[in-house]
Amino acid sequence: MIDCLTYLFGDDGTIPNNSGLPLLVYKNALTDEQLQPEKCKVLLNSNGWSNAWVNGIYSYHHYHSTTHEVLAVISGTADVMMGGEQGKKFNLSAGDVIIIPAGVGHCHISSSADFRVVGAYPGGKSYDLCTGKPGERPEVLENIKNVSLPDLDPVTGKKKPLFEYWEG
């Protein structure tokens with residue numbers, strides 16, 4: 001059973017966020033084996049989340065308007081701001097997974113030296129990198145509305161718990 005925390009972020013005028021889909025935080029969702037980068041990629045890919053990478057999180061507020069994103073913490077700890085500058089700070093540690101709806105801002109604040117995540121996208125979609133510049137608004141708002149729901153939860157490979165909170 002995955003312990004799932006949910007947070008809904010509205011448009012803050014800079015970061016559009018996503019008022020329809022909550023950010024999902026799964027605490028301690030990965031097994032020790034899944035903390036290995038390649039094993040984590042295999043898990044996500046087997047559940048339809050691919051185009052994976054291993055690294056940290058950008059240290060500036062950004063979001064993706066063309067796809068949802070999963071970040072699986074495979075080592076270390078970090079404080080991450082979600083939802084823009086007025087959003088909420090989360091303390092993440094190895095084994096935690098965050099599922100970020102299209103449009104929701106995220107920013108690395110601080111971390112241990114060994115902090116790393118595996119990031120992936122449903123259906124292996126390509127992502128854009130948006131920072132809240134005024135010229136982005138019309139196009140990204142339309143993009144966010146048109147992002148389809150993923151087929152499966154990236155961790156469980158089932159409809160739950162993702163679709164308990166993300167309904168079409």
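A few remarks follow.
- Per residue, the convex hull volume that the Cα atoms of the stretch 110-168 enclose (Å³): 152 Å³
- Taking Cα centre as origin and charging only the Cβ of basic (Lys, Arg, +1) and acidic (Asp, Glu, -1) residues, the dipole magnitude of the stretch 83-168 rounds to 100 debye.
- Across the stretch 14-168, Cα-Cα pairs more than 27 Å apart make up 15 percent of the total.
- Label point 7 Å beyond Cα of S19 along Cβ direction - residues of the stretch 131-145 with amide nitrogen under 17 Å: 137-145
- Pairwise label distance in nanometres, K89 with Y58, each label 7 Å out on the Cα-Cβ vector: 2.2 nm
- Principal-axis tilt of helix 137-146 within the chain, Cα atoms, nearest 10 degrees: 50 degrees
- Förster-model FRET efficiency, 25 Å R0, E167 and E142, C-beta, rounded to 0.05: 0.70
- Nearest 10 degrees, 0 to 90: helix 37-46 Cα axis against the chain principal axis: 70 degrees
- Each Lys or Arg adds one and each Asp or Glu subtracts one; over the other residues with Cβ under 11 Å from the Cβ of S110, this totals 0.
- Positive-end extreme of charge dipole, the chain - chosen from S126, W49, S110 (charges on Cβ): W49
- Sorted peptide list for 156-166, 98-108, criterion being average Cβ within 10 angstrom, highest first: 98-108, 156-166
Read-outs: derived from the displayed coordinates by stated rules, not from any lab. Worth saying up front: this structure is predicted, and the values here are computed from it rather than measured. Cβ coordinates were reconstructed from backbone atoms using ideal geometry, including for glycine residues, and neighbour counts include every protein chain displayed.
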